[in-house]
Amino acid sequence: MPSTRPPALALSRPRRTPALQRITRRAAPWRRICLAALFVLAFILPAARAHADDLPSFVHDGQLTLCTNPTLPPMTFVNGSDTNALAGMDIDLARRLAAYWHVPLVPQTMDFEGLFPSLSAQRCGMVISGVLRQAGRLRNYDAVAYLDSSVVAVARVGTPRIRTMADLSGQTVAVQSGTSYAAQIERENDRLRAAGRLPIILQQYPTEDQVVQQVLIGRVHAFISQDVELYYRQKQLGGKVTIILTPDYPDFHQFAVYIRKDAHDTELLQKAIDDLTQQGELSAMARKWGISGDHQSVFTDRKASSRFDFATFFSALLSTAFLKGAALTLVIAILSHLTAIIISVPMAMKLNGRDSIVRRLLGLYVAIFRGAPTLLQLLFIWNALPQFFPIFREHWFTPFLATWLSLSINESAYQVEINRAALRAVDPGQVLAADALGMTTAQTYRHVIFPQALRIALPPTINEFISLLKTTSLASVISLQELLAVTQIQVARTFQFTEYYAAALVYYLAMVFFFLFLQKRIERRFVWADRDKASTDAA
Amino acid sequence: MQLSTSPDPTARISIRGLSKFYKDYLALDRVDLDVRKGERIVVLGPSGSGKSTFIRCLNRIEPHDSGVLMIDGRVIDDRTDLTALRGSVGMVFQNYNLFPHLSVLDNCTLAPRLVRGVGTSDAEATARRYLSQVNIAEQADKFPIQLSGGQQQRVAIARALCMNPEIILFDEPTAALDPESISGIVGIMRDLTEQGITTVCVTHEMGFARHIADRIVFMDRGAVLEITPPEEFFTAPRTERARTFLAQMIRH
């Protein structure tokens, strides 16, 4: 385990006193900066040395926002079981930059694929997440390098070293999806095919820890990563893997801070990085996180146990991180499904009614939201919506709200079909009888149709809910810290896959079993539909 | 039978020139009829003759398109308070249409409580009285699914009675019942007459019609062809259509 725990710095947005807020809002820009600076100096970093004459435009609302995917130690990761405690070289750099500009840092975590869309959507001012400085990315974003690095190909210990990437011809190689290693391997493959040789078979995984795991379990021959990551992983991987090649790719030499295109901002960021470099702060950070340049010293021969560790399993099971993740999963699933049910009941009534414009629009709604993948809907609402409506990039629009919104809409499209079938299954003679007794339409629905439709709709609805409970795991892509996101972050930190996956499984199963039990209990209330049970119970 | 051209406000039900269309299809063709208080009318006719449409117009579950419908001297049209109308004109269906999710007792008390605002204990007392009248008081706490067809139909009648109607419409009440249950229903319908309740009944059961009817209304293609006492209708029908109808009925 890493011995370098980060200082207990509050990463949540520091609160300002209302009075100070009022003053800063009214004050002229220079006074605002001075007040903010005074505040920061007094409370956060008494030792801040740099002077910011001019703030880059991505620092606004008095804060520096950061997008990062904390699954890449030692650059950016979660250190310890508290998923909010970010750590690593990147996080230290971001904090230092915030201090440099005398503003608080507001980090946001998300999937790697979500980083650049979030930057474009102005959800954050900068991306620091172990991202390499590359020509392709520079077309759309500006980047300032802060750390030298090199690419490594890693295989299980005992695998012979190779001379070039071409030696991997016909072998399977794993990389993290969203990274540029895939494109680089495609270029290698073009050369291999041109030479009449077999291409390298590529597998992509959403997190770096899964990439490494593929090598450990022997599914792939090697994985491609950065050397810095291996410096950190050596504690977990000692004696299990070895570097087989350090290919010289010019595009993979530097980690960079990415910002939206703006020449002036880039100049200010470059100056900040230069200042920190000159003051020796960057190299101090690199030393702190064990990032040193000697490849061969990385893998000392240390045997790690490969047996299932019950202590880890139980501590994961009882950890507040897992408990919070499971609670979040449960809350978002229940809220989304309740919302879906509430909006789908009138929709179903309308869809069962006469043909109209509204009915056709509802039909279109159902077709679209049942047709589009849920993951795509989540990504669309989180990343694309802010491009059309800037209001969705404000801070109130949290990952929680975005998940609630998209899962409610998505689920309502499925629930409406259940409701429609259930309402249709109620005998029309029931409406006739209620009508003949002088009951109003509302009374008929409330006391005659809904109670009967509920019985028909209940089993498929519980089914939908169980499915939704598991669908919430998709929300990790928009940085909601639900159960699976928590699990992956923990795995990235400790590499104890089996123990953490097992703990997550226990939570999911426990929740699903509870709802199945609930279904049985509720179904017992519908004795009226079952002649045999009704005769024994009602006596 | 020749009726005057204007409706009779002293009759319980008075109908003149009642017509009903389904798009271009003429379902009811200028029906004229007067029904006295406490009278038992049976409507006969082949399938598709408009019998069911006719009685559904009487409680305006199907609104008529032209003609006059008068109940107790009040004209029934689109300005009529439907809640009040349905309270005074009850209905019993071929498939009973009991509410399956409610007990027998709750089936009988639901409408009085919701529509009339009767208190639960009063509604239950009334319900138990009518359930006794139709001889199923002991089934009050069961669900409809636990009852036989005849028992369910008796609950349906009790449910209608709980609204204290002056008229009860029966839409083929015996179609799904065995002969024994049918004779039970005949007895109940006679009791209703003694309470002064007027009944209009659509049926296919000739024996049942003959037993209970004060007058037979024979319909074909939406029009009333004969209104006669049952003895006369079954022995000497006036129209050729009625004769062929009866001949077919006897053959089957």
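Annotation: amide H-H contacts under 5 Å for A:S150 (H modelled 1.01 Å from N, sequence separation of 5 or more, or interchain): A:D227, A:V228.
Kindly identify residues of the stretch B:143-166 having a loss of at least 50 Å² in accessible area between the isolated chain and the assembly of all protein chains, probe radius 1.4 Å. Those are B:F143, B:I145, B:Q146, which lose 50 Å² or more relative to the chain on its own. By DSSP, the beta bridges lying fully in the stretch A:151-251 are antiparallel in about 55 percent of cases.
Summarising the amide proton neighbourhood of A:Q203: residues at separation of 5 or more, or on other chains, whose placed amide H is nearer than 5 Å comprise A:V173, A:A174, A:V175. Each Lys or Arg adds one and each Asp or Glu subtracts one; over the other residues with Cβ under 13 Å from the Cβ of A:L458, this totals +3.
Projecting the Cα atoms of A:A183, A:L198, A:I224 onto the charge dipole of the stretch A:151-251 (Cβ charges, centred on the Cα centre) puts A:L198 farthest toward the positive pole. Of the Cα atoms belonging to chain B, the radius of gyration and Dmax stand at 18.1, 55 Å.
From the largest down, the stretch B:96-155 spans 31, 21, 16 angstrom on the principal axes of its Cα atoms. Ordering of B:19-27, B:130-138 by packing is B:130-138, B:19-27, highest average first (other Cβ atoms within 10 Å, averaged per residue). Note on chain B: dipole from Cβ charges, positive end direction compared against B:A84, B:P229, B:S66; the farthest Cα belongs to B:S66. Considering the options B:H211, B:V35, A:V491, tell which one lies farthest towards the positive end of the dipole of the protein assembly as shown, charges being +1 on Lys and Arg and -1 on Asp and Glu at the Cβ, about the Cα centre. Projecting each Cα onto the dipole axis, the largest value belongs to A:V491. Candidate membrane-span-like segments in chain B, meaning DSSP H helices with Cα atoms spread over at least 24 Å of their own axis and a Kyte-Doolittle mean of 1.6 or above, do not occur, with no membrane implied either way.
Sorted from greatest to least, the principal axis extents spanned by the alpha carbons of the stretch A:59-191 come out as 52, 36, 23 Å.
When the alpha carbon gyration tensor of the protein assembly as shown is reduced to an equivalent ellipsoid, its three semi-axes come out at 81, 29, 24 angstrom, largest first. The residues of the protein assembly as shown expose, per residue, 45 Å² of accessible area to a 1.4 Å probe. If a/c stays under 1.5 just call it rounded; otherwise compare a/b with b/c (prolate if a/b is bigger, oblate if not). Do that for the stretch A:312-537, with a ≥ b ≥ c from the square roots of the Cα gyration tensor eigenvalues. Note, shape of the stretch A:312-537 comes out oblate. DSSP beta bridges fully contained in chain B are about 55 percent antiparallel.
Counting only residues at least eight positions apart within a chain, or on another chain, the aspartates and glutamates with an alpha carbon under 12 Å from that of A:K271 are A:D53, A:D54.
Taking the protein heavy atoms of the stretch A:151-251 in the context of the full set of protein chains, the accessible area attributed to carbon and sulfur is 49 percent at 1.4 Å.
Under the combined filter of DSSP loop state and at most 12 neighbouring Cβ atoms within 10 Å, the stretch A:62-150 retains these trypsin sites (Lys or Arg not before Pro): A:R139. DSSP beta bridges confined to the protein assembly as shown are antiparallel in about 60 percent of cases. Annotation note: GluC sites (Glu not before Pro) in the stretch A:377-467 located in DSSP loop regions with a Cβ neighbour count of at most 14 within 10 Å are A:E394. Rounded to the nearest 20, the size of the Cβ-charge dipole of the protein assembly as shown about its Cα centre is 1120 debye, with Lys and Arg at +1 and Asp and Glu at -1.
Using a 1.4 Å probe over protein heavy atoms, the accessible area lost on pairing B with A, summed over both chains, comes to approximately 2100 Å². For the pair the stretch B:132-162 / the stretch A:250-293, the C-alpha centres are spaced 85 Å from each other. Measuring between alpha carbons in the structure, the pairs from A:K350/A:K520; A:K350/B:K51; A:K240/A:K288; B:K51/B:K142; A:K288/A:K324; A:K240/A:K470 lying more than 26 angstrom apart are A:K350/A:K520; A:K350/B:K51; B:K51/B:K142; A:K288/A:K324; A:K240/A:K470.
For A:A145 and A:T498 in the same chain, what is the full-extension length gain: residue separation times 0.36 nm, less their Cα-Cα distance, in nm?
Value of the extension gain: 123.4 nm.
The mean number of partner chain beta-carbon atoms within 10 angstrom of a residue's beta-carbon across peptide B:92-102 is 6.
The values are calculated or read from the model by the stated rules, or taken from the named source; none is laboratory data. Computed from a predicted structure; not experimentally measured. FYI the Cβ positions are ideal-geometry reconstructions off the backbone, even for glycines, and counts take in every protein chain you see. To get the accessible areas, we keep the full protein, side chains included, count just its heavy atoms, and leave off ligands, DNA and RNA. Shrake-Rupley method; radii C 1.70, N 1.55, O 1.52, S 1.80 Å.
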